Amino acid sequence: MIKTVDLKKTFIGRGQTVYAVDGVTTHIKPSEVVVVIGPSGSGKSTYLRCLNGLETLTSGQIIIDGVDLTAKKTDLNLIRREVGMVFQQFNLFPHKSVLENIILAQQVVRKRKRGEAEEKARMLLQKVGIAEKENEYPIRLSGGQQQRVAIARALAMDPKVMLFDEPTSALDPEMVGEVLEVMKQLAREGMTMVVVTHEMGFAREVADRVLFMDQGKLVEEGTPEHFFTSPQEERTKLFLRQVL
Amino acid sequence: MNSQKNALLWHGLTVFILFMMGAGLWVATKKIDYTWRWNRVPQYFVYHHEELVPAPYDARVVSIENLRDMSRIKIAGENGEEGVFDVDKESLRVSEDEDLFEGDYLGATFEWRAGPLLWGLWTTLWLSAASSIFGLIIGLVTGLCRVSSNLTLRNLSITYIELIRGTPLLVQIFIFYFFLGTVLDISRIVAGISALAIFAGAYVAEIIRAGIQSIPKGQMEAARSLGMNVPQAMVHIILPQAFKRTLPPLAGQFISLIKDSSLVSVIAITDLTKSGREVITSTFATFEIWFVVAFLYLMLTSVLSQVIAWVERRLSVSD
């Protein structure tokens, strides 16, 4: 589904070259739920953002569904509609109502008819459990509700992969559950997901595979049981001691 | 309750201060030798125009028929022509069976006509409206170029903005009229509107740029991650939000433009200011006319402020 080969992303600032992502090679299979964890600044968000071209890579290769993202003639916009993304800060469109937030891209990008798009939007709002808020503006919703709308908005494009960039980090603790619940349901339905998160509970419960990153490098990967019970690398052990 | 009472007191003080200033001005004008003639002003807004009706050829008055307040005169020419003319009853100058020579006046008709001040107001209004619209278009395009990733577009827009903001509008108007007007053979009206629009465009561009840059980066990322391309994201996501944020400064810019439009009077466009000057030459009511002109500008600008405030309220539903 998603293959990354020796992915590198460097930022140059104040004469220094920072290796945000430093040679990550992995293969994410269809219907797999991959959770990326690691300390702050380990490059996990940057890695995720590379996957739908929000960051341009310095070197390496990303192949999504057989299409090489780095090839010159690849239309990133075509890839992006197949790859849904959920942000830490929700990034709902504040000037549009909840329903319009979900309809807009369907109409503009997928060229769906208004009625069809509305039907889809209502169905998804039902699914994430806020059907009654369709005419509200985002500002009047709680963080958890906003994030669920954001998930519905991404799902409306019928993506093949969903990327989650710390979806619960900006939420009040009591709203984390409702968002994770939606994500778990998605995972159960067989959606391919890449999730950057600090929610170890979610990783343990839902992940098929856990990637641990530090300083841009993929330090260790494995099933949750392997990862949480018998990690091999020193760095992983240190990290887990501190967060668990 | 208490604070409301206090507020009333402060408002009262405001009125008092304004009243004292007005009274001071009044006393000051009393000391100089100036006769106020406000009664001369209204005729420069509208006036009763007398149109004399001449006989078109040598003729004889056949009949005069009385309508409500008009008289219908039928005349027959020597060569068999027949004519019917309506004139005001009061102004009737002929009687039945009278012989007329070509050019003799049968009477007159009266109609209300707009005076120079009203025409000037109208000219200022549409001149400002036209330059606002063009200014907004120019500003929008330039603003988008200003934030574009293309270096040439960015350089060009910066050059334009710096050039316009660094020179006085009055000088620009002269250049447009005397230089471009001559080279490109454009009329004074076109020169005036272009100068104003291009002047406003530079400021609007900076306002639009600030508006676009004030929208969080996440908005563009969210739009792009849904598969929209940059133009689509701009049209549907960024610009509507930027427009809402830039409405107050844009309003200020367009209010400035209405006032700046008075400068085109230097290239002999008869706008409100120039009309005022012309009326003064025939009335010598200098003080009155300038006060009236100022008041008319104030009316235009405050109507615009109200309209913008209304749009702002409409757009604030999502706040």
Test B:Gly218 against the criterion of being within 23 Å of the chain's Cα centre (by Cα), part of a helix (DSSP H, G or I) and not basic (Lys, Arg), and give yes or no.
no
Can you name the residue in segment A:138-150 that is in contact (Cβ under 8 Å) with a residue 24 or more places away in the chain and within 11 Å of another protein chain (Cβ to nearest Cβ) and, of all such residues, is nearest to A:Val109 (Cα to Cα)?
A:Ala150
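Looking at this structure, is B:Ser261 more than 14 Å from chain A (Cβ to nearest Cβ), buried (at least 21 other Cβ atoms within 10 Å of the Cβ), polar (S, T, N, Q) and in contact (Cβ under 8 Å) with a residue 24 or more places away in the chain?
Details: more than 14 Å from chain A (Cβ to nearest Cβ): yes; buried (at least 21 other Cβ atoms within 10 Å of the Cβ): yes; polar (S, T, N, Q): yes; in contact (Cβ under 8 Å) with a residue 24 or more places away in the chain: yes.
Spelling it out, B:Ser261 is indeed more than 14 Å from chain A (Cβ to nearest Cβ), buried (at least 21 other Cβ atoms within 10 Å of the Cβ), polar (S, T, N, Q) and in contact (Cβ under 8 Å) with a residue 24 or more places away in the chain.
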Just checking: which of the strands (runs of 3 or more DSSP E) contained wholly in segment B:67-172 hold 1 or more residues that are in contact with a helix residue (DSSP H, G or I) (Cβ under 9 Å, 6 or more places away or on another chain) and surrounded by 14 or more Cβ atoms within 10 Å (Cβ to Cβ)?
B:70-77, B:105-114
Failed condition for A:His226, given (1) part of a helix (DSSP H, G or I); (2) within 29 Å of A:Arg81 (Cβ to Cβ); (3) at pLDDT below 95, with all others met?
(2)
Against the conditions (1) under 16 Å from A:Gln106 (Cβ atoms); (2) among the hydrophobic types (A, V, I, L, M, F, W, C); (3) part of a helix (DSSP H, G or I); (4) in contact with a helix residue (DSSP H, G or I) (Cβ under 7 Å, 6 or more places away or on another chain), where does B:Met228 fall short? Just the number, please.
(3)
Return yes or no: is B:Ala223 within 14 Å of chain A (Cβ to nearest Cβ) and either part of a helix (DSSP H, G or I) or under 20 Å from the mean Cα position of the chain (by Cα) (or both)?
yes
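B:Val230 - would you say it is more than 9 Å from every other protein chain (Cβ to nearest Cβ), crowded, with 21+ Cβ neighbours inside 10 Å and of a type in the set (Val, Ile, Thr)?
Details: more than 9 Å from every other protein chain (Cβ to nearest Cβ): yes; crowded, with 21+ Cβ neighbours inside 10 Å: no; of a type in the set (Val, Ile, Thr): yes.
Considered against the rule, which asks whether it is more than 9 Å from every other protein chain (Cβ to nearest Cβ), crowded, with 21+ Cβ neighbours inside 10 Å and of a type in the set (Val, Ile, Thr), B:Val230 comes out as no.
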Filtered residues of segment A:151-182 (kept if within 12 Å of chain B (Cβ to nearest Cβ) and on the phi > 0 side of the Ramachandran plot)
A:Asp158
May I ask you to verify whether A:Gly66 is surrounded by fewer than 22 Cβ atoms within 10 Å (Cβ to Cβ), over 15 Å from the mean Cα position of the chain (by Cα) and under 27 Å from A:Val219 (Cα atoms)?
yes
If we ask which residues in segment B:194-210 are without any contact (Cβ under 8 Å) to a residue 40 or more places away in the chain and either within 10 Å of chain A (Cβ to nearest Cβ) or touching a Leu at 6+ places or on another chain (Cβ under 9 Å) (or both), their number turns out to be 0
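Of everything in segment A:91-135, what is at positive phi and facing chain B (nearest Cβ under 8 Å)? Give them in sequence order.
Within segment A:91-135, the subset at positive phi is A:91, A:111, A:129.
The one that is at positive phi and facing chain B (nearest Cβ under 8 Å): A:Asn91.
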Just to check your reading of the model, which residue among A:Thr46, A:Thr25 is out of contact with any Phe, Trp or Tyr (no Cβ under 6 Å at 6 or more places or on another chain) and either surrounded by fewer than 16 Cβ atoms within 10 Å (Cβ to Cβ) or among the charged types (D, E, K, R) (or both)?
A:Thr25
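The values are calculated or read from the model by the stated rules, or taken from the named source; none is laboratory data. None of the values given here were measured: they were computed from a predicted structure. Don't worry about glycine lacking a Cβ; one is built from the backbone with ideal geometry, like all the others, and counts go over all protein chains shown.
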